[in-house]
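The values are calculated or read from the model by the stated rules, or taken from the named source; none is laboratory data. Keep in mind the model is a prediction, meaning the values are calculated, not measured. Here the Cβ positions follow ideal geometry from the backbone for every residue, glycine too, while neighbour counts run over all protein chains shown. We work out accessible area using only protein heavy atoms, side chains counted, and drop any ligands, DNA or RNA first. Shrake-Rupley method; radii C 1.70, N 1.55, O 1.52, S 1.80 Å.
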Amino acid sequence: MAIALPPLPFAPNALEPHLSRETLELHHGKHHRTYVDKVNRLLAERPGLAELPLEEILLQAQGALFDNAAQAWNHDFFWKCLTPEEPPVPESLRLALERHFGDEDRFEKLFTEKAIAVFGSGWAWLVRDAESRLEIVTTANGDNPLLDGRTPLLTCDVWEHAYYLDYRNDREQYLQHFWRIVNWEFVASNLAVAPRPARHGAERGSSPYAH
């Protein structure tokens with residue numbers, strides 16, 4: 001069973017001026033699609049995984065299949081984290097951010113600092129661990145917090161292709177605009193997801209997990 005490229009949850013120009021139509025068409029239509037296509041080609045060599053959902057594939061895969069499955073999953077999750085609606089932070093999430101980080105502003109500051117500091121390509125995440133503590137973590141390349149049993153709540157793609165057309169090499173400016181398009185309702189909905197067990201494979205892709 002082939003995995004499909006999910007459509008964007010908004011029109012390609014809906015996030016302007018924060019992310020341009022050109023960026024969305026390249027990022028979703030080219031980069032994300034390439035990961036999906038590579039997963040489907042590689043699954044032909046792994047028939048035992050071909051019937052599984054994408055999340056289970058990334059948890060079980062190794063090498064190139066893991067790299068591409070994780071990137072396909074990460075991108076799908078990233079699009080869901082964005083919205084043109086600028087919704088307020090739901091009360092349940094606001095209280096959780098205050099409890100773990102002091103307040104929303106401090107959380108955004110800490111998240112931004114960690115996202116800017118990612119060396120090379122990767123992702124910044126707000127996650128909940130198995131003890132329901134909220135953390136800000138980063139991963140290199142295509143790695144994913146699911147591997148360590150953390151539940152992703154929010155992510156920001158800090159690969160250069162996510163922001164180069166609009167902000168050139170200014171990742172900090174990209175992060176400033178990111179906060180204007182966060183889908184806080186989606187982030188809050190992830191708080192209700194049951195904790196997952198850690199799923200370490202014997203060999204992952206080329207991207208070691210980074211805190």
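Take every Cα pair under 8 Å whose residues are at least 6 apart in sequence, average their separation, divide by the length of segment 1-58, and the relative contact order is 40 percent. The Rg/Rh ratio of the chain, with Rg taken over Cα atoms and Rh as the Kirkwood radius over Cα pairs, comes to 0.95. Straight-distance candidates among the lysines for linking to LYS30, with alpha-carbon spacing under 25 Å and chain neighbours fewer than 8 residues away dropped: LYS38, LYS80. Calculated mean residue ellipticity at 222 nm for the chain: -12000 deg cm²/dmol, from DSSP H runs with n ≥ 4 weighted as -39500 (n - 2.57), summed, divided by the residue count and rounded to 500.
Taking all protein chains in place and a 1.4 Å probe, what share, in percent, of the accessible surface of segment 86-204 do carbon and sulfur account for? Carbon and sulfur: 48 percent of the exposed surface of segment 86-204. Once C-alpha pairs closer than 8 Å and six or more residues apart are averaged by separation and normalised to the residue number of segment 18-165, the relative contact order reads 22 percent. Note on LYS109: aspartates and glutamates with a C-alpha under 17 Å away, same-chain residues under 8 apart excluded, are GLU98, GLU135, ASP157, ASP170, GLU172.
When +1 charges are put on Lys and Arg Cβ atoms and -1 charges on Asp and Glu Cβ atoms, the dipole computed for the chain relative to its Cα centre reaches about 380 debye.
For segment 21-122, GluC sites (Glu not before Pro) meeting the loop criterion (DSSP other than H, G, I, E, B) and having at most 15 other Cβ atoms within 10 Å: GLU45, GLU51, GLU85. Spacing of the modelled spin labels on ARG46 and ASP170, each 7 Å from Cα toward Cβ, amounts to 4.0 nm.
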